[in-house]
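Novice: The structure under discussion is supplied below as structure tokens; questions concerning it will follow.
Please treat every number below as a calculation from the coordinates, not as lab data. Just so it is clear, the model here is predicted, and its values are computed rather than measured. A quick note on method: Cβ atoms are made from the backbone with ideal geometry, for glycine too, and the neighbour counts reach across all protein chains shown.
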Amino acid sequence: MPGPDLHLLIEAAEEAGRIAMRYWKADPKVWEKSGQGPVTEADLAVNDMLRDRLRAARPDYGWLSEETPDNRDRLDCEYVFIVDPIDGTRAFNAGEKHFSHSLAIARNGMVTAAAICVPAIGQTYAAEAGRPASLNGEAIRANPDAKLEGANILMSKAGLTADHWNGEVPPLRRSFRSSIAYRLCLVAEGAFDGMIVLRDSWEWDIAAGLLIAEQAGARVTDRHGNAIRFNTEATRSAGIIAAPPVLHDSLLSRMKR
């Protein structure tokens, strides 16, 4: 049985999915945030529900969300919610299925509980520290046999240019999904061998997925191989590499840093 924090996140993530599905393919209002891409009325409706529900349940936890102005009081909190109401808003707007709701709790910089709901395909991923990651309640595992040659990696097209690699570009197969959180889950369940994000990445995009991938046996670091901390002042990491340990080390050794 999930612990109380994880149970809270799973229920909230699935409620977020029910709200989002009322707007999906229904022409929601959309506008551009300054320099940060699109936001829709669905993002804000989900954010409002999550903020009210989660903070009512844990009033002493801090709050960090893509759709809430940052309050630095969170930096003094032992525990903090880290939330992306809709990760993959462009996919959501386009009527694509692979958007997600990403919810995490971090304690002193380390994620302790995480839930990611992908409502259009009926999938909920979850994990808490020290226990196996799950998909719809069933344990999942990253691909332990993944090797560099022919590895199927979730990444942007730009990641396969020679500028980012020492020597020749490795013989990788490239795939893509809009939601970073969902990409981490796909690595966790072994559907893909790894994922790479070279640009700086927001904490709310990666917090929940990082724990799910790690509890499924993947190694997750920034693009330089460093551990990622959460509830930081900058609220972002220097990219992401997530893959089973042998493949992770192979990717990291070949990448320019």
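Novice: So what is the relative contact order of the chain, in percent, for Cα pairs below 8 Å that sit 6 or more residues apart?
Specialist: Relative contact order here is 18 percent.
Novice: When the chain is treated as a GNM, springs tying every alpha-carbon pair under 10 Å, which of GLY167, GLY225, GLY109 comes out with the largest mean-square fluctuation?
Specialist: Among GLY167, GLY225, GLY109, the largest GNM mean-square fluctuation belongs to GLY167.
Novice: Residue-wise, which Karplus ³J(HN,Hα) couplings in Hz belong to region 248-257, taking 6.51 cos²θ - 1.76 cosθ + 1.60, θ = phi - 60°, and x for glycine or proline?
Specialist: After applying 6.51 cos²θ - 1.76 cosθ + 1.60, I find 4, 5, 5, 4, 4, 5, 8, 8, 6, 10 Hz.
Novice: Turning to a different aspect of this structure: Express the relative contact order of region 134-191 as a whole percentage, based on alpha carbon pairs under 8 Å and six or more residues apart in sequence.
Specialist: 47
Novice: Let me confirm the definition first: pairs of Lys residues in the chain, 8 or more apart or on different chains, C-alpha distance under 25 Å. How many are there?
Specialist: 9
Novice: If you filter region 160-211 for GluC sites (Glu not before Pro), then keep DSSP loop positions with at most 12 other Cβ within 10 Å, what is left?
Specialist: GLU168
Novice: OK, next. If you average the C-alpha positions of region 50-91 and of region 114-161 separately, how far apart do those two centres end up, in angstrom?
Specialist: 23
Novice: If you stretched the chain out fully between ASN71 and ASN166, how much longer would it get, using 0.36 nm times the residue separation minus the C-alpha to C-alpha distance?
Specialist: Length gained between ASN71 and ASN166: 30.1 nm.
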